[in-house]
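Worksheet: the structure to be examined is printed underneath.
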Amino acid sequence: AVCSMGNSTSRLYSVLAKTLSSGAVSQHQDCLEQLDSAQLDPIDPKDLLEECQVVLQKRPPRFQRNFVSLKKNTASNHRPIRVMQWNILAQALGEGKDNFVQCPMEALKWEERKCLILEEILAYKPDILCLQEVDHYFDTFEPLLSRLGYQCTFFPKPWSPCLDVERNNGPDGCAMFFLKERFQLVSSANIRLTAMKLKTNQVAIAQTLKCRETGRLFCIAVTHLKARTGWERFRSAQGCDLLQNLKSITQGAKIPLIVCGDFNAEPTEEVYREFSNSSLNLNSAYKLLSPDGQSEPPYTTWKIRPSGECRHTLDYIWYSQHALNVNSALGLLTEEQIGPNRLPSFNYPSDHLSLVCDFSFNQDPDRLL
């Protein structure tokens with residue numbers, strides 16, 4: 001049943017309700033025609049957040065996470081750029097393939113889990129949002145986020161494992177969203193990653209944006225590399241291919257770069273070293289949370305499967321350290337907050353934690369190049 005929300009938000013709630021009730025296989029183009037975002041009125045994020053909280057009223061409240069200030073030098077004269085990276089867990093995989101043995105199926109219901117995801121995004125208000133495992137793009141994220149002022153791009157995997165799940169919602173893939181008010185799109189590339197000259201099932205999106213406030217150009221990329229143990233060399237080859245593409249797009253690091261992704265690789269893997277040692281002069285933003293600024297967080301994903309408990313650091317936000325400063329980063333959930341049954345849960349919608357950083361442009365970008 002759809003609650004009556006009063007006249008002020010009833011149109012908004014009807015759109016939200018349409019996305020909530022899209023149960024089985026969705027016909028993507030039909031969804032786009034049904035919810036043509038270009039012809040829908042903008043929505044206030046506060047209204048959408050309230051709607052989500054009504055749906056979630058029987059669930060525990062959101063976890064409290066705080067931003068850690070990292071900037072050592074003087075304040076910048078422009079607004080920081082907030083970037084959010086998150087593997088949101090494809091609905092078809094969460095319900096059908098991932099076997100989270102300690103997570104009740106009730107906690108994975110899309111009607112509520114979708115609102116938990118939106119609540120997390122709305123709470124941190126990213127200027128740029130990079131997502132992986134998106135399988136409800138056309139019926140949920142594109143129609144809602146475009147009405148919040150984001151320009152939206154989606155690139156599905158060629159052979160998504162979601163399609164093997166009965167009553168799936170189409171393929172999963174990477175998605176990127178940026179606020180049109182803050183940025184102008186200069187160029188966009190959908191990249192199907194190769195490994196050893198073979199096309200693979202993994203993808204990336206790379207977009208060059210112009211900051212309307214400063215006039216500065218920068219490139220933002222999102223990717224999701226091959227999963228599972230035993231595929232380390234494959235991930236390494238995919239990482240090399242992505243770096244080559246990004247070198248071309250950024251004209252060899254002349255354009256500042258931010259790369260968000262689920263790399264499915266611990267910091268001990270070769271693909272991590274490739275990004276660390278690249279001629280693009282990249283650093284991993286979340287290392288800055290460690291006391292020495294050199295260590296990655298102890299985990300970005302924590303789950304329990306039939307094979308046992310999996311606690312790994314797989315998610316990263318890389319950035320051009322000669323051209324960009326990290327002003328602050330969102331602290332991770334503690335083990336106590338995550339709880340003994342790990343992720344996902346009634347409190348948290350994904351098996352991966354969201355990463356959020358505030359960036360500013362270096363005033364002298366060529367100094368460290």
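Rounded to the nearest percent, how much of the accessible area of the chain (1.4 Å probe, protein heavy atoms only) is carbon and sulfur? Reported share for carbon and sulfur atoms: 48 percent. At full extension, Met105 and Leu198 could sit 29.7 nm farther apart than now, given 0.36 nm per residue minus the alpha carbon distance. Bridge orientation summary for segment 80-362: considering DSSP beta bridges with both residues in this region, about 85 percent are antiparallel. On the basis of the beta-carbon distance and an R0 of 22 Å, Val68 and Lys125 show a calculated FRET efficiency of 0.80. In a DSSP loop and with at most 13 other Cβ atoms within 10 Å, there are no GluC sites (Glu not before Pro) in segment 95-132.
Think of segment 176-249 as a dipole: +1 on every Lys or Arg Cβ, -1 on every Asp or Glu Cβ, centred on the Cα centre; then among Ile205, Leu185, Gly239, Gly239 lies furthest on the positive end. When its C-alpha radius of gyration is set against 2.2 N^0.38 Å (N residues), segment 80-362 gives a value of 0.94. Most tightly packed first, judged by the mean number of other beta-carbon atoms within 10 Å of their residues, the peptides 210-221, 156-167 read 210-221, 156-167.
Using a probe of 1.4 angstrom and keeping all protein chains present, the accessible surface of segment 80-362 works out to 35 square angstrom per residue.
Once backbone amide H atoms are built at 1.01 Å from N, Val259 has Ala221, Trp318, Tyr319 as its partners under 5 Å, excluding neighbours fewer than 5 places away on the same chain. Using the Karplus relation 6.51 cos²θ - 1.76 cosθ + 1.60 with θ = phi - 60°, the per-residue 3J(HN,Hα) values for segment 105-117 come to 4, 4, 6, 9, 3, 4, 3, 9, 4, 4, 6, 5, 5 Hz, with x marking Gly and Pro.
Extension gain for Lys58-Glu266 works out to 71.3 nm (0.36 nm per residue, less the C-alpha to C-alpha distance).
Within a straight-line Cα-Cα reach of under 16 Å, Lys199 can be paired with the following aspartates and glutamates, leaving aside sequence neighbours fewer than 8 residues apart in one chain: Asp241. Taken about its Cα centre, the chain carries a charge dipole of about 780 debye when Lys and Arg each add +1 at the Cβ and Asp and Glu each add -1 at the Cβ. A dipole drawn for the chain from +1 and -1 charges on Cβ atoms has a positive end, and of His224, Leu148, Cys52 the residue lying farthest that way is His224. Put +1 on the Cβ of each Lys and Arg and -1 on the Cβ of each Asp and Glu in the chain; which of Cys130, Tyr348, Gln337 then has its Cα farthest toward the positive end of the dipole? Value computed over the given set: Cys130. Note on Glu213/Ser276: beta-carbon distance plugged into 1/(1 + (r/R0)^6) with R0 of 35 Å gives a FRET efficiency of 0.70. Report note on the peptides 347-358, 174-185: ranked by the mean count of other C-beta atoms within 10 Å, highest first, their order is 347-358, 174-185.
The values are calculated or read from the model by the stated rules, or taken from the named source; none is laboratory data. Here the structure is a predicted model, which means the values were calculated and not measured. Ideal geometry is used to build each Cβ from the backbone, glycine not excepted, and the neighbour counts take in all protein chains shown. Please note that ligands, DNA and RNA were not included when accessible areas were found on the heavy atoms of the full protein model with its side chains. Shrake-Rupley method; radii C 1.70, N 1.55, O 1.52, S 1.80 Å.
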